[in-house]
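The values are calculated or read from the model by the stated rules, or taken from the named source; none is laboratory data. Because the structure is a prediction, the values reported are computed rather than measured. FYI the Cβ positions are ideal-geometry reconstructions off the backbone, even for glycines, and counts take in every protein chain you see. Just the protein is used for accessible areas: all its heavy atoms, side chains included, with ligands, DNA and RNA removed. Shrake-Rupley method; radii C 1.70, N 1.55, O 1.52, S 1.80 Å.
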Amino acid sequence: MEYIRIITGNGEALDIYQMLIPCLENIEVLPQSIEPIYLKAVGLTEADADHFRFALVRLQVYADIHRYVDSDEMQKMKYVAQILEKIIFGNLMLETESFSSE
């Protein structure tokens, strides 16, 4: 799978994307990659951090769209993206909140 194409969208690739790809190729790599990816992410400029966050969002959207093609692979992709987004940014951009009506 061409992860870099999904991650970059129409933008340019950031160095941090190369740290993300091994986690997508083999989810077993994720636990030991969390800290290095986090440390790289906190050093990004605000604009690059936004690009990185949207890369993680693109992975989640791609996984949702293609969830019936290879559900196990898409579930892993979405998991990696969500875990990193929560750790680095504190929440999920695509997370829905329920509002109580008054």
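Packing, taken as the mean count of other beta carbons within 10 Å per residue, orders the peptides 83-94, 35-46 from highest to lowest as 83-94, 35-46. The accessible-area ordering, largest first, of the residues ARG53, ARG5 stands as ARG5, ARG53, per a 1.4 angstrom probe. Relative to the Cα centre, the charge distribution of segment 29-102, modelled as +1 at Lys and Arg Cβ and -1 at Asp and Glu Cβ, gives a dipole magnitude of about 220 debye. Using θ = phi - 60° in the Karplus curve 6.51 cos²θ - 1.76 cosθ + 1.60, the 3J(HN,Hα) couplings for segment 6-12 round to 5, 5, 6, x, 9, x, 8 Hz; x is entered for Gly and Pro.
For ILE4 and PHE54, the difference between the fully extended length at 0.36 nm per residue and the C-alpha to C-alpha distance is 16.7 nm. Here the accessible area is traced with a 1.4 Å probe on the protein chains. For the chain, carbon and sulfur cover 49 percent of it.
How much accessible area per residue does the chain have, counting only protein heavy atoms and a probe of 1.4 Å, in square angstrom?
66
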